[in-house]
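The values are calculated or read from the model by the stated rules, or taken from the named source; none is laboratory data. For clarity, every value in this text was computed on a predicted model and none was experimentally measured. We place every Cβ from the backbone using ideal geometry, glycine too, and count neighbours over all the protein chains shown. Side chains are part of the model used for accessible areas, which takes the heavy atoms of the whole protein and leaves out ligands, DNA and RNA. Shrake-Rupley method; radii C 1.70, N 1.55, O 1.52, S 1.80 Å.
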Amino acid sequence: MRPAFPRTVALGLPFTIFWAVVAFFCRDGLDFLNYLEDDVVAPKGSRSEQAQTEFWNLFPQKAMQYPFSQGILIVARDPRQHSIWSPEVKELSHLILNGTLGACEELPKSDKGTYLFTGLCWWRQAVGVFLDRDDSQLDVNDADLISADNQTATIVVLTINIGFGGAGSSGMVAAWNKLQNVIDAWLAEHGNHFTVGSTHEQMLLDAAQKAVIRDFESGDAITIPVAWLLLLYACGPSAVLALVTLPVTLLVSFAVLLQLARGSWLCKDRETWAPGGCAQTVVSFPDFAPAVYIDMMIAISFDYTLFLLTRFREELGRGHSTRVAVWRALQKAGRVIVTSGLILMLSFVGLTRCSVDVIASIGWGGAVLCATAMAVHITLLPSLLLLLAPCCEHCCTDACGLVSGFLFPSPRRGRWRRRGLLLIHEAAAPVDSEPAGLVRSPVGQGEVDLTHSRWVRLGLICRDHRLKLIAAILLLLLPCAFVVSSMELSGNQDLLCPRDAPSLLTLQSLPQHQLSIGLLQPFYVLAYNWDAPSSPLGCHDDDVDARQLVIAHAPWLLPKGIDPSVITCPWLEATAHLCKPSQPEYKKTIAERFCLGTCENYCHSVNGTTPPTTPSVLSSALFNDLNDFRMVLTTELGLDPEAIRDIASLPSDRTRRLNHTEAAGLLEVPGPTPYKAQFVKYTNSEQSATLVEVLLSDGPAGKEGLEVLKAIRAVAQRPRFSDEGSSFVVFTDVDDILDMIEQVNVEAPPLLVGTTSVVTFIIAGLAFRSVLVPLRLLLTVVVTIIFVVGLSVWVYGTLIPVGGLYWIVPLSCGCLMIGLSLDYDVFLISEIYELRRAGYSTEAAILRAMGTESATITTAGLIMTVAFSSMLLSVTTVLNQWGLMLVATSLIDTFLVRSVLVPSLMFSFVEHNWWPGRMPIPTLLSHMERRHVAADSVLN
């Protein structure tokens, strides 16, 4: 007769097979790491978005230029022996020129033999003290390019063309490698006398992306085994199942996030996106997101595994079969997993409504991760237990069972209880017997006998001194609350980059040599006055601008196989026949945008119209505005006059101010002059608008630069510079950060607080049939958050002065901090709730739950601490801040809030904790309650 198929196997197979199939189809989930974004997108409707729109409309050719330049810093080791004026440095300068602009032919080619990037070289121009330069492209003097002592350091500035995508694109990598090979060859001969470093915004972003992978390989490779060993120590050999559930959770979560990043959840073919269509469905994930998601995944997965396996081993110790033990464990631990998981997931969902893409992406990632972890641990893990638990029953419930298993090879019904470092076997109680640790009293009452447990002794202290302990914790909370109230978020972009990145070290060393970071990272103030008369001057677009605009916007103007270098303004003038009415409208529109002084005038003459009149920058009103604006920046903000450059000053003397008449006279001087070059750089082709360039020594992205940027924005908003006639608008990539910080401060806290409060109140209230329990949950969460944020602000504001917490960190950590706090709290409350329903008094239930569950919660807290500690090992400050907040949350919640504050609050309300729900009359009392009952009996 064929043996019956085991029922436990039959129950476990369906979900196991289901998740195996899902994991197989999600095997490409790690491709999510290739869809990370480093671009900063201005919030919709913000001042920075409006500034970008105006800049693109008024300066289309300059908007196509990359805003930040690349710098090659050359430093003499011993200036007295070999200074920067040595022939070797001059040789290197020309090698850099030949290795950049002279190496465009060596960039990657496409299959058709044309340039991979439509003929544009990555570099636009090289500027240095030993290089001839076109002053129309970069307004610098030799003094801007050498150190203050004129001997130690010099910098070669490489202006950049736009259009190569983000960090890691093939064209950019090829250009960098070519240049670095040139520098390395020179250093091989002269490295004893000079050091050479290179820096650029894209290099910093590239270093940040590589650091994510490096942190995972180094940090998580250490913390994952340690966290798993803690799980093994607590749960025994069954902990090996976590090595199955964790990869499944990771693959499925990343596969879903990959679809969100691609936009393919609504668009199957990414190449067919239409403007305003599916492209708007793409979620942009920041490059540091995977490190956070992975650590979050490890912590949540191991925590849920610990909760379920602990319950499962307890049920086995009571003599239940594997099937019954799994079912009862799922009933108890499942309440914790679903309650805390839903609250955490819905809190993350609330963040997805934020208009700032970075915060919304954190919300999407956290929500997907929590949903996947819940689904895996309430379906796959129980199924694996049904399939594999019979094999694990032969081992003891502790990691020490790896050794003890050799001493007790046969399965025994019972429970291994830890006494210090020893394991003591206790016989299993019958299934229907009294709960362990209770002795019946003559009157039908009982008492808790767990005084040997240090956690019960702590519970007794909380019961006897509850008000004092609550007051002491609130007193400790006051200084943290004060620090939190004065918290200022930082937008310093250097915090995103690894501290040991060569490009960052080079950038940070520039001020040490009195070289301005603003030379590589300038920002602009767009100025125009619509009341000014029309321009008397002609077009001044140059060939480089024209070439870049054609390649970017009108490649159809180029015959196949033509060298893009032939594109010049005269060449475009020859294409003016495109402006004839017989040509398609889009070709006519494109042609009118190039060399407006030639093609546009020609088009209007062909069409029998006159060129439209536009306001001119050569007006007294605008020059007065420029001079007043400059005076405010120098007198009120204390900026160096040499760092402010505009058309109302002379290149040779920034302190001398010009009026519009003097400027017009300088433009009429025959031949090229420095002022003409400056005028061309800072005005658009129609001379209807001009730019004020500001060079900050710390750069606009630095700690001090952001403060100055905020002050300049405030000046530009004054009525004097923003009335109907004049308009001053700050424009820079970093300006987006300030708007995002403002937007996040307005939108995110109400979303997070409101969502968490409502969700916690509803879910916890339904789970425990109480109003006071969810209110107490929210109170303890707030206490934990204030402690952690206050500590983090103090560490990164005073102890490690980096300008405070990065603006993303507190909010994006907030959801996970809430989840961590709720996990332990719900686990303890769930046990108290079950004991109370089983007949314990609330006081006895609290003491017994502390005695039986505190070790599990402490282990869970330690696992969380270890999992998140990998971020403390990172060389990226943002990840350090994230790690500190999460590690502090785990430790504070495990050893202070859950161990002291929660039982003290529970003891304060006792039976009122369950209002308005109804509980059975208690039959099992604590020792103190029993003495009160006995005393009442004697009195009666």
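Working carefully through the options Leu738, Leu752, Leu706, find the one that is buried (at least 16 other Cβ atoms within 10 Å of the Cβ) and either in contact with a Ser or Thr (Cβ under 7 Å, 6 or more places away or on another chain) or modelled with pLDDT of 90 or more (or both). Only one candidate passes the filter, namely Leu752. In region 298-318, the residues that are assigned by the TED database to the domain that holds Ala333 reach residues that are assigned to a loop (DSSP other than H, G, I, E, B) and surrounded by 24 or more Cβ atoms within 10 Å (Cβ to Cβ) with C-beta atoms within less than 7 angstrom, at least six apart or across chains, in these pairs: Arg313/Thr397.
Condition check ((1) among the β-branched types (Val, Ile, Thr); (2) part of a helix (DSSP H, G or I); (3) more than 23 Å from the chain's Cα centre (by Cα); (4) at pLDDT below 75) across all residues:
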residue	(1), (2), (3), (4)
Val212	yes, yes, no, yes
Ser218	no, yes, no, yes
Leu230	no, yes, yes, no
Tyr233	no, yes, yes, no
Gly236	no, yes, yes, no
Leu243	no, yes, yes, no
Ala255	no, yes, no, no
Gln280	no, yes, no, yes
Pro290	no, yes, no, no
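Scanning region 310-320 finds no residues that are under 16 Å from Ile829 (Cα atoms), in a helix (DSSP H, G or I) and aliphatic (A, V, I, L, M). The lone criterion from (1) under 17 Å from Phe55 (Cβ atoms); (2) part of a loop (DSSP other than H, G, I, E, B) left unmet by Ser697 is number (1).
For region 620-675, filtering for residues that are in a helix (DSSP H, G or I), among the aliphatic types (A, V, I, L, M) and in contact with a helix residue (DSSP H, G or I) (Cβ under 8 Å, 6 or more places away or on another chain) leaves 7.
Conditions tested, residue by residue: (1) of a type in the set (Asp, Glu); (2) open to solvent by 10 Å² or more (accessible area, probe 1.4 Å); (3) more than 22 Å from Arg313 (Cα to Cα).
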position: His190; (1), (2), (3): no, yes, yes
position: Leu204; (1), (2), (3): no, yes, yes
position: Asp215; (1), (2), (3): yes, yes, yes
position: Leu232; (1), (2), (3): no, yes, no
position: Leu246; (1), (2), (3): no, yes, no
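Within this structure, Ile473 passes the test of being in contact (Cβ under 8 Å) with a residue 40 or more places away in the chain, outside any loop (DSSP other than H, G, I, E, B) and outside the structural domain of Gln70 (by the TED database). Could you say whether any residue in region 348-363 is open to solvent by less than 10 Å² (accessible area, probe 1.4 Å), under 30 Å from Thr310 (Cα atoms), part of a helix (DSSP H, G or I) and not aromatic (Phe, Trp, Tyr)? No, there is no match, as no residue in region 348-363 is open to solvent by less than 10 Å² (accessible area, probe 1.4 Å), under 30 Å from Thr310 (Cα atoms), part of a helix (DSSP H, G or I) and not aromatic (Phe, Trp, Tyr). In region 321-337, the residues that are in contact (Cβ under 8 Å) with a residue 60 or more places away in the chain form Cβ pairs under 7 Å with partners that are open to solvent by 10 Å² or more (accessible area, probe 1.4 Å) and among the acidic types (Asp, Glu), at six or more places apart or across chains, as follows: Lys332/Glu834.
Which of the residues that make up region 81-96 are free of Cβ contacts under 8 Å to residues at least 60 places away in the same chain and among the charged types (D, E, K, R)? Correct list: Lys90 only. Taken over region 834-856, the residue count meeting the criterion of being in a helix (DSSP H, G or I) and open to solvent by less than 10 Å² (accessible area, probe 1.4 Å) is 10. Considered as a group, the residues in region 375-403 that are modelled with pLDDT of 65 or more and open to solvent by 20 Å² or more (accessible area, probe 1.4 Å) include one that is nearest to Ile808 (Cα to Cα), and that residue is Ala375.
Every residue, every condition in (1) among the hydrophobic types (A, V, I, L, M, F, W, C); (2) surrounded by 21 or more Cβ atoms within 10 Å (Cβ to Cβ); (3) over 30 Å from Leu738 (Cα atoms); (4) modelled with pLDDT of 65 or more, yes or no:
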position: Thr53; (1), (2), (3), (4): no, no, no, yes
position: Trp56; (1), (2), (3), (4): yes, no, no, yes
position: Gln65; (1), (2), (3), (4): no, no, no, no
position: His82; (1), (2), (3), (4): no, no, yes, yes
position: Ser86; (1), (2), (3), (4): no, no, yes, yes
position: Leu95; (1), (2), (3), (4): yes, no, yes, yes
position: Thr100; (1), (2), (3), (4): no, yes, yes, yes
position: Glu105; (1), (2), (3), (4): no, no, yes, no
position: Thr118; (1), (2), (3), (4): no, no, yes, no
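This table checks each residue for (1) under 20 Å from the mean Cα position of the chain (by Cα); (2) outside the structural domain of Leu626 (by the TED database); (3) surrounded by 22 or more Cβ atoms within 10 Å (Cβ to Cβ).
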residue	(1), (2), (3)
Arg713	no, no, no
Ser722	no, no, no
Ile762	no, yes, no
Leu775	no, yes, no
Leu791	no, yes, no
Tyr796	yes, yes, yes
Leu822	no, yes, yes
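Considering His932, His912, the condition of being farther than 30 Å from Tyr796 by Cα, part of a helix (DSSP H, G or I) and at pLDDT below 85 is satisfied by His932 alone.
Considering region 866-879, and only residues there that are in a helix (DSSP H, G or I) and out of contact with any Leu (no Cβ under 6 Å at 6 or more places or on another chain), the residue that is surrounded by the fewest Cβ atoms within 10 Å (Cβ to Cβ) turns out to be Leu873.
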